[in-house]
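Visitor: Okay, handing you the structure first.
The values are calculated or read from the model by the stated rules, or taken from the named source; none is laboratory data. None of the values given here were measured: they were computed from a predicted structure. Glycine gets a Cβ as well: all are built from the backbone with ideal geometry, and neighbour counts include every protein chain shown.
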Amino acid sequence: MRDLNLHLTPAEGVERLKWEWESERTHYPDLLGFGTADMDYQCPGPILDALSDVIKHGHLGYPMVPDEFYQAIHDHLLKVAGWDIDARTSVAQNVGIYTSSWSVLETLTKPGDRITILTPVHMCFRSLIKLNGRTALECPLIYKDRKYSIDYKSLESCIASGTKILWICNPHNPVGRAWTREELEEIASIALKYNVFIMSDDVYSGLLFPGTSYTPIASLSKEISALTVTQYSTSKSYNTTGLRHSYIVAENPEIMKLYTDSLLRLQLSYGKNIMGMAATIAAYRDCDSWLDELNRTIQRNHEFITSYFDENLPGASVAIADSTYFAWCDMRALGLPPAQLSYLIECEEHMITENGSELGKGGNGFIRINLATSEENLAEGVRRLKHFWNKHFKGGVL
Ligand SMILES: Cc1ncc(COP(=O)(O)O)c(C=O)c1O
């Protein structure tokens, strides 16, 4: 049995999009990667053991779905959120989260339909809506005193103007908020009033700073669950993105039927990801202490970057967060063209960040930093950002 401590992945011999691909693309030998939403930590030991066990058996053909897979999901949701689902009838597997979003969009909406999203949000939300021939209605979050909250008035008017799906992200990438029960109740009451479906991307639901709790919107009531598809994967919380495996929970049998029909059309219902299922079982059964250590580390990194900004980058700040592994950094006071911000940081500081301007309304002038890395990388990263700030900051107010 491998240990349950958090270990950095040795860089030798691995070919990651987050590091090696970016180095190849930029040719900077001193490149720092804070972009792609992957961690620089090794996958937890029990998951590696479970995957090794699959290999040891030597059979990688089409697997049955073991009962343990459903049981592990059931027990996990009950433990973390008090949500008691019948996993055998309400869980369906898919490749990634976004493949699954594709199926939801193509079954619950028609071309031309409108889907409401809360921005800034991961750019794939907008692009998938567009690629499906649907329209994204962007409802910006409120940013006040460094904290994000939901503008219910604006949300209601977006939805009242005709929306088929409200697509939320909980916890929310990039701003790092796990929506509270009260916030979700407000969202749910609007959804119920206008009878819109909810797609809730809860891929970051394991990444909660100590003391933060997680509520799946569908767990609020049977009525809201009947309108909701919730998406999960071990990918972000346990660093298994390369397995390409996710699952949904949909308690409404009609939605489940539409969704599984979509899987049939994609030939995704026959055969499952043998590694993805093994990883899910191990993650939910054996990795709690690893996840606790991870979340403590991320919170520490978040506190570090927040104080560093406060002390060294006058006029810049980091949004208050309670979840995910992102620092969402407000660089608006630089007054640089928003579309160029991350590009300039890349060229001048040899550092990859995610550019806020691509994440929809409210993202201009922000960058997203991935905190799931070593203390050394983070310390060097903030030093480079200070250098960038000193070079460009004119002291003016935007
Ligand atoms: C909110 C969110 N959902 C989904 C994904 C991607 O999931 P997948 O690779 O499983 O499609 C990401 C990746 O960054 C993400 O941030």
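Visitor: Could you pull out the residue among Arg332, Arg384 that is closer than 24 Å to Leu17 by Cα, in contact (Cβ under 8 Å) with a residue 12 or more places away in the chain and over 18 Å from the mean Cα position of the chain (by Cα)?
Guide: One residue alone meets the criteria, Arg384.
Visitor: Next question, about the same structure. Just the residues that are within 16 Å of the ligand (Cβ to nearest atom) and either in a helix (DSSP H, G or I) or touching a Cys at 6+ places or on another chain (Cβ under 7 Å) (or both), please, taken from region 131-165.
Guide: Leu131
Visitor: Then there is this: Just to be sure I understand the filter: pairs with C-beta atoms under 7 Å, separated by 6 or more residues or on different chains, first member in region 91-105 and free of Cβ contacts under 8 Å to residues at least 40 places away in the same chain and assigned by TED's automatic domain parsing to the domain that holds Thr230, second member more than 8 Å from the ligand (Cβ to nearest atom) and among the hydroxyl-bearing types (Ser, Thr, Tyr). Which pairs pass?
Guide: Matching pairs, first to second residue: none at all.
Visitor: What number of residues within region 354-372 are outside any strand (DSSP E or B), out of contact with any Leu (no Cβ under 8 Å at 6 or more places or on another chain) and either among the polar types (S, T, N, Q) or surrounded by fewer than 18 Cβ atoms within 10 Å (Cβ to Cβ) (or both)?
Guide: Qualifying residue count for the region: 3.
Visitor: Still on this structure, I have one more. Looking at (1) away from the ligand (no atom under 14 Å from the Cβ); (2) surrounded by 22 or more Cβ atoms within 10 Å (Cβ to Cβ); (3) free of Cβ contacts under 8 Å to residues at least 40 places away in the same chain, which is the only condition Ala278 fails?
Guide: Of (1) away from the ligand (no atom under 14 Å from the Cβ); (2) surrounded by 22 or more Cβ atoms within 10 Å (Cβ to Cβ); (3) free of Cβ contacts under 8 Å to residues at least 40 places away in the same chain, only one is false for Ala278: (3).
Visitor: Taking Thr180 as the residue in question, decide whether it is among the polar types (S, T, N, Q), touching a Ser or Thr at 6+ places or on another chain (Cβ under 6 Å), within 18 Å of Thr228 (Cβ to Cβ) and not assigned by TED's automatic domain parsing to the domain that holds Asp310.
Guide: Against the criterion (among the polar types (S, T, N, Q), touching a Ser or Thr at 6+ places or on another chain (Cβ under 6 Å), within 18 Å of Thr228 (Cβ to Cβ) and not assigned by TED's automatic domain parsing to the domain that holds Asp310), Thr180 does not qualify.
Visitor: Are there any pairs, at least 6 apart or on different chains, whose C-beta atoms fall under 6 Å, with the first in region 162-177 and among the basic types (Lys, Arg) and the second not in a loop (DSSP other than H, G, I, E, B), and if so, which?
Guide: Going by the 6 Å Cβ cut-off, the qualifying pairs are Arg177/Tyr148.
Visitor: Another question, if that's okay. Before we move on, is Ile198 within 16 Å of the ligand (Cβ to nearest atom), more than 16 Å from the chain's Cα centre (by Cα) and over 27 Å from Trp290 (Cα atoms)?
Guide: Yes.
Visitor: Quick one: Gly271 ticks every box in (1) in a helix (DSSP H, G or I); (2) over 27 Å from Thr109 (Cβ atoms) bar one, so which box is it?
Guide: (1) is the only condition that Gly271 fails.
Visitor: Still on this structure: Determine, yes or no, whether Gly211 is surrounded by fewer than 22 Cβ atoms within 10 Å (Cβ to Cβ), within 16 Å of the ligand (Cβ to nearest atom), among the small types (Gly, Ala, Ser) and in the same structural domain as Glu68 (by TED's automatic domain parsing).
Guide: Considered against the rule, which asks whether it is surrounded by fewer than 22 Cβ atoms within 10 Å (Cβ to Cβ), within 16 Å of the ligand (Cβ to nearest atom), among the small types (Gly, Ala, Ser) and in the same structural domain as Glu68 (by TED's automatic domain parsing), Gly211 comes out as no.
Visitor: What is the residue count in region 310-341 for residues that are part of a loop (DSSP other than H, G, I, E, B) and more than 17 Å from Ala37 (Cβ to Cβ)?
Guide: Number of matching residues: 10.
Visitor: Next question. In the set Ser235, Ser246, which member is more than 16 Å from Leu77 (Cα to Cα) and within 16 Å of the ligand (Cβ to nearest atom)?
Guide: Ser235
Visitor: Is it the case, given these coordinates, that His76 is at pLDDT 95 or above and at positive phi?
Guide: No.
Visitor: So, in region 120-140, how many residues would count as being crowded, with 22+ Cβ neighbours inside 10 Å, under 17 Å from Glu354 (Cβ atoms) and out of contact with any Lys or Arg (no Cβ under 8 Å at 6 or more places or on another chain)?
Guide: So the answer is 3.
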